[in-house]
């Protein structure tokens, strides 16, 4: 149920983001989901891509600092309270969400949200126990 | 006013005769008491008795800052520990600081030399000295303090920092003299202005500034803004502290070296050859009277030149030109000496960061700023902002702790630091272009 996420260090200056997308485009790698966290000096770009290894290799060759992070893609019912019930479940289990971002999924009726937990394995166990649907990495990369 | 007429106005032949006697004495003392010097002199085949004339100083070995570090902390002291009454130290990473020790007589001499310096700057017994040099291991604060008391002036040991409070007390106490770094005087001026205090309207009339390089245009700015006479003072902790040389208020053209205590030479910093009088080069100083840690031919790395022409103020001592640069990569940030290698050590000790860094030195509101750019690598990279910010704070904290300067750390992408011929450009000092 784990998903590999690419994390990329970016300086806060014009053109850096475009450089990442250019390298991915040249490598024929598709972006499935993304989020950008920023401070006054730098940002961290987080990506779920169609081919993790290829993207990582080419970005590193392009001079970027790249990391691998394990995240979880959770299907959330697209109705009021859908996300809330999941977050309350996590809260009761004292699992902390480091960050999260939504993933636009054209085909399904459900929203997909990418979670970075402080305790990933426990989070997966908890979600499985409560019959919360998760999208496996293999499925997500090919979506 | 000349504080010590006898020594400050000696005819040059008499001064040089005194210097020779004292040089012979110090060489004999270090040969006897400091194994480092005995070994060096033996290797050169030089005996203390070989020093027959003042120019024989060139037979002696140089002393480098690194020699003090190598013998950290007390290895170069020439007297037993019980005879040392005070220690001072420059900033440094663990084990890399330079430590100096003073005997009772050294402290007395230092006080007298600072008293001479204050008098040369125009300070008299009735003056009130707002001493904003830092007190502590740094020699600035206590150095000026003892000199002010020796002269008989009133000293206010305000030390560094707390600028708004400084402005308030400067007004309330009515100090007539201020001592600090030149950049701090301008910073204080601006801070006072914001509080509705115009230093120009206060009784302060003399400023004695040192511990960092400054220019004549900066002097003009300080003098017109603060309405004072700005005097340049020179010193370094290895040699003594402030008071090694001072400008006279009367002429303000070069700093009088206290030559009865210090033998000054100018050398070519590449070849080590002594240069002709008047040539520009690296200032080298031999301490003639120091007991605690006498140094032979200490390489200051400060670029200057000497002028032995008599001065209209009446002093016969040689004058050194205002220091115009350094022959090494040492930075002076808010009066604190910082070597890039010290920052490098701190980075390596902080989570094994790569040594790819760059120091950007600037000046904002007349205060020096230091930005440390560090290239990030996979080993320390995290997908979480808070971890990277924690890393930045940790570096800032370590720099503050070890070097005593406030720095701002900025993580940058790998290979983003400009490299020339494969070697990274370590320092960008924007203060010169801003001055």
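The values are calculated or read from the model by the stated rules, or taken from the named source; none is laboratory data. Just so we're clear, the structure is a prediction, and the values are computed from it rather than from any experiment. Glycine also receives a Cβ, built like all others from the backbone with ideal geometry; neighbour counts cover every protein chain displayed.
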- Return the total of residues in segment B:406-435 being within 24 Å of the chain's Cα centre (by Cα), at pLDDT below 85 and within 14 Å of another protein chain (Cβ to nearest Cβ). 0
- Please work out if residue B:160 is in a loop (DSSP other than H, G, I, E, B), buried (at least 20 other Cβ atoms within 10 Å of the Cβ) and under 20 Å from the mean Cα position of the chain (by Cα). yes
- Which ones in segment B:240-276 are assigned to a loop (DSSP other than H, G, I, E, B) and farther than 16 Å from residue B:303 by Cβ? B:240, B:248, B:249, B:250, B:251, B:252, B:253, B:258, B:259, B:260, B:261
- Task: State yes or no: is residue B:257 touching a strand residue (DSSP E or B) at 6+ places or on another chain (Cβ under 7 Å) and either within 21 Å of residue B:206 (Cβ to Cβ) or not assigned by TED's automatic domain parsing to the domain that holds residue B:215 (or both)?
- Result: yes
- Within segment A:20-56, restricting to residues that are without any contact (Cβ under 8 Å) to a residue 24 or more places away in the chain and part of a helix (DSSP H, G or I), the one that is farthest from the other protein chains (Cβ to nearest Cβ) is A:25
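Looking only at segment B:345-391, count every residue that is within 14 Å of chain A (Cβ to nearest Cβ), assigned to a helix (DSSP H, G or I) and surrounded by fewer than 19 Cβ atoms within 10 Å (Cβ to Cβ) and tell me the total.
Total meeting the criteria: 5.
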- Query: What is the one condition in (1) in contact (Cβ under 8 Å) with a residue 24 or more places away in the chain; (2) within 16 Å of the chain's Cα centre (by Cα) that residue B:136 does not satisfy?
  - Reply: (1)
- Across segment B:392-405, which residue is farthest from residue B:340 (Cα to Cα) among those that are within 14 Å of chain A (Cβ to nearest Cβ) and surrounded by 14 or more Cβ atoms within 10 Å (Cβ to Cβ)? B:392
- Item | Sole residue being surrounded by fewer than 18 Cβ atoms within 10 Å (Cβ to Cβ) and within 20 Å of residue B:208 (Cβ to Cβ), chosen from B:323, B:251 | B:251
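Rundown of residues vs (1) surrounded by 14 or more Cβ atoms within 10 Å (Cβ to Cβ); (2) in contact with a strand residue (DSSP E or B) (Cβ under 8 Å, 6 or more places away or on another chain); (3) under 22 Å from residue B:385 (Cβ atoms), yes/no style:
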position	(1), (2), (3)
A:27	yes, no, no
A:41	yes, yes, yes
A:44	yes, yes, yes
A:78	no, yes, no
A:90	yes, yes, yes
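For segment A:5-19, enumerate the residues that are surrounded by fewer than 18 Cβ atoms within 10 Å (Cβ to Cβ) and within 13 Å of chain B (Cβ to nearest Cβ).
Those that are surrounded by fewer than 18 Cβ atoms within 10 Å (Cβ to Cβ) and within 13 Å of chain B (Cβ to nearest Cβ): A:11, A:12, A:13, A:15, A:17, A:19.
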- Tell me, please, whether a residue that is without any contact (Cβ under 8 Å) to a residue 40 or more places away in the chain and touching a helix residue (DSSP H, G or I) at 6+ places or on another chain (Cβ under 6 Å) can be found in segment B:1-11. no
- Identify the residue in segment A:111-143 that is free of Cβ contacts under 8 Å to residues at least 12 places away in the same chain and outside any loop (DSSP other than H, G, I, E, B) and, among all such residues, is surrounded by the fewest Cβ atoms within 10 Å (Cβ to Cβ). A:138
- Note on the structure: Reported set for segment A:78-105 where residues are in a loop (DSSP other than H, G, I, E, B), under 18 Å from the mean Cα position of the chain (by Cα) and at pLDDT 90 or above is A:95, A:96
- Query: Which of the following residues is modelled with pLDDT of 95 or more, under 22 Å from residue B:134 (Cα atoms) and either part of a helix (DSSP H, G or I) or in contact with a helix residue (DSSP H, G or I) (Cβ under 7 Å, 6 or more places away or on another chain) (or both): B:111, B:92, B:75?
  - Reply: B:111
- Please give the number of the condition residue B:342 fails out of (1) away from every other protein chain (no Cβ under 14 Å); (2) at negative phi; (3) surrounded by fewer than 18 Cβ atoms within 10 Å (Cβ to Cβ). (3)
